[in-house]
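Read through the structure below, which is laid out as structure tokens, and then see the notes.
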Amino acid sequence: MDCEPIDDTYVLNAVSKYLSRQEPSTGYCEPWRFPLIGSCPPSSNPADGSQPKDLVTFVWRASSEADRRPVAVTGTFDRLCEATTLAPVRFDEQDTAYRAVSLRVPIGEVHYYKFLIDGEPSLDPINPQRQPLDNGIEWSRFFTRYCNTPITLEAWEADLLMRLTNAILPFAKGAAAQFLDLYYFRADRAAQDNTYHQAYRLSQPIGAVNFIDNLLSREESHRLIDYRLCLDQIDAVLRARFPGMEPVDVSDTAYTDLYRQMAANSVDGWDTSAYRDPVFFLKLLRRHTYLGAFSHPLHGGNAAGAGWAFIEDRFRDAAGASCFDWRRAIEKPLGTSEAYLG
């Protein structure tokens, strides 16, 4: 596996803020940040290929600075028969209780891993993302940026979310839909071999559902229960209203009507004993949807920068120049910045 030299300052800046609690039993602050996923400059090694990669830094905290047991990491990002050793993280020329290793992993991928502590496998005690594989054995999980592989949502849940986000966002019909079709068509030719080849052709407008799926896997995982309960409610309501039809196949008008009833906090057929306020979920969904539509594409939404391009096209000054020159602020292939790396 392609390793990078450990940046002790980078690791210590992360762990000092999130892992330095004296009582681990109280839980870690924002543990979804681990392993650390960051951008890395292109490798100068021709053997690495042209696919962009993230710098994934695995961190292990020993029980004490005197704990010298060897620690390694193994996972699907490399052959499982191999393991990569974590090195001590040093401060003021002294080893700390932390071990770390930084690996280059291709963007847009989901991987599973375990630590080997003196040869014994262990889940990552920091990272809350875990997934049982086909054999029932649980592994720790992470995903790199621009990932559009379903992680949290089931297929039927993603289908319902697609229809709901279509009712929220302005991209599903008319001139906006025509603009996106043309934008994606052009982006296809310019981006087919770069970081957006996995993201630009999505089944929902600009990848809002993909963004939500990523979000619920990490920083907003505490809201996953809201989605589970409310999508189940929405499925039941639409099945009752349109017998014999799959909820994903009902008309746009049906979703618009449902959207309005949720906004009024009064949905016929909604079981308030299971989830009291549909309007709360609607507000949550709106927040997540717009974040996904206009955030940086590395977070899973705004595929190929289409949301930004839409704003760029719509808002112009008296001379006709766009008021939103977003390409200058981000890196290639979509942007023109030579310094920004996401």
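The values are calculated or read from the model by the stated rules, or taken from the named source; none is laboratory data. Computed from a predicted model, the values in this text were never measured in an experiment. We place every Cβ from the backbone using ideal geometry, glycine too, and count neighbours over all the protein chains shown. Quick note on the areas: whole protein, heavy atoms, side chains included, nothing else; ligands and nucleic acids left out. Shrake-Rupley method; radii C 1.70, N 1.55, O 1.52, S 1.80 Å.
Worth a mention:
- Spin-label model distance (nm) - Phe179 vs Thr9, 7 Å beyond Cα toward Cβ: 4.3
- Of all accessible heavy-atom area on the chain, the percent that carbon and sulfur account for (1.4 Å): 51
- HN-Hα J in Hz across region 119-125 - Karplus 6.51, -1.76, 1.60, θ = phi - 60°, x for Gly and Pro: x, 9, x, 8, 5, 6, x
- Ranked by the mean number of other Cβ atoms within 10 Å per residue, highest first, peptides 115-122, 148-155 order as 148-155, 115-122.
- Once all protein chains are placed together, Met245 keeps about 80 Å² accessible to a 1.4 angstrom probe.
- Trypsin sites (Lys or Arg not before Pro) lying in DSSP loop within region 250-295, provided at most 12 other Cβ fall within 10 Å: Arg276
- Quarter of the Cα convex hull surface for the chain, i.e. its orientation-mean projected area (nm²): 22.0
- Out of every Cα-Cα pair that region 102-152 contains, those further apart than 17 angstrom amount to 42 percent.
- Accessible surface computed residue by residue for the chain, with neighbouring protein chains in place and a 1.4 Å probe, gives 50 Å² per residue.
- Computed over the chain with a Gaussian network model linking Cα atoms closer than 10 Å, the most mobile of Ser295, Ser217, Ser266 is Ser266.
- When the surface is traced with a 1.4 Å probe over the full set of protein chains, Glu138 keeps roughly 80 Å² accessible.
- Averaging 1/r across all pairs of distinct Cα atoms in region 124-173 and inverting the result yields a Kirkwood radius of 13.6 Å.
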